[in-house]
């Protein structure tokens, strides 16, 4: 389990979600780049409702911990092997909820943090079982460096969000460009699944996603939260 400090507080929170629910295709420019890269099941249309998928809790890793590319990828003969970064604003649920309205959503949010939706793109695009495995390898969900309470974040729908790879900016956007806004996201998910205290919702990534390789350093930078920094390594089998 991972413990994250709560910004502007002496408290911390243990990160141990029962579920991590993610939004795909929540920025128009990312839809367009996904279509251009032939990502499985994606068309150049704005979704009518949030596109949901999950990451399993074993993905959780912390600030300045390694993202580990699994050794099993070497067993395949993929052309142009890609494990990608994706900068995202994450919502941390504060109390149990089910079937809540958009107007009620903020009452059930504890706070916000940065996450990196690391994705093994070759498996995501090729597996008959969908996105599950490519999204859920160990360490494929870095989170942090802190949690910011909802009352301290300012307007969560107007935060600059960026990603730097080895110091170069590769993603740059604002949470205001989300197709589905935060209250609608939380309400919609609650109508499908019970959300428990500590559950995490990842709100989607803007355009500019790209590959990681061993030795890379990736930073997710979100206004009013901070910088989540991780190095990329490869799994070594002993």
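Taking the stretch 106-194 and the helices (runs of 4 or more DSSP H) fully enclosed by it, the elements with 2 or more residues that are surrounded by 16 or more Cβ atoms within 10 Å (Cβ to Cβ) and modelled with pLDDT under 95 are at 121-126.
Remark: residue 238 matches the filter, which requires a residue to be more than 14 Å from residue 90 (Cβ to Cβ), surrounded by fewer than 22 Cβ atoms within 10 Å (Cβ to Cβ) and at pLDDT below 95.
For residue 183, which of the numbered conditions (1) touching a strand residue (DSSP E or B) at 6+ places or on another chain (Cβ under 8 Å); (2) within 21 Å of residue 147 (Cβ to Cβ) fails to hold? Just one mismatch for residue 183, condition (1). Quick one: is residue 161 closer than 22 Å to residue 104 by Cα, in contact with a helix residue (DSSP H, G or I) (Cβ under 9 Å, 6 or more places away or on another chain) and touching a residue at least 40 places away in the same chain (Cβ under 8 Å)? Answer is no for this residue.
Residues of the stretch 131-158 that are under 30 Å from residue 77 (Cα atoms) and in contact with a helix residue (DSSP H, G or I) (Cβ under 8 Å, 6 or more places away or on another chain): 131, 133, 134, 135, 136, 137, 138, 139, 140, 141. Selection within the stretch 198-217: residues that are out of contact with any helix residue (DSSP H, G or I) (no Cβ under 8 Å at 6 or more places or on another chain) and assigned to a strand (DSSP E or B). The member of this set that is nearest to residue 164 (Cα to Cα) is 217. Is it the case that residue 203 is modelled with pLDDT of 95 or more, over 23 Å from residue 13 (Cα atoms) and buried (at least 17 other Cβ atoms within 10 Å of the Cβ)? The answer is no for residue 203.
The values are calculated or read from the model by the stated rules, or taken from the named source; none is laboratory data. Small disclaimer: the values here were computed from a predicted structure and weren't measured. Here the Cβ is made from the backbone with ideal geometry for all residues, glycine too, and neighbour counts use every protein chain on show.
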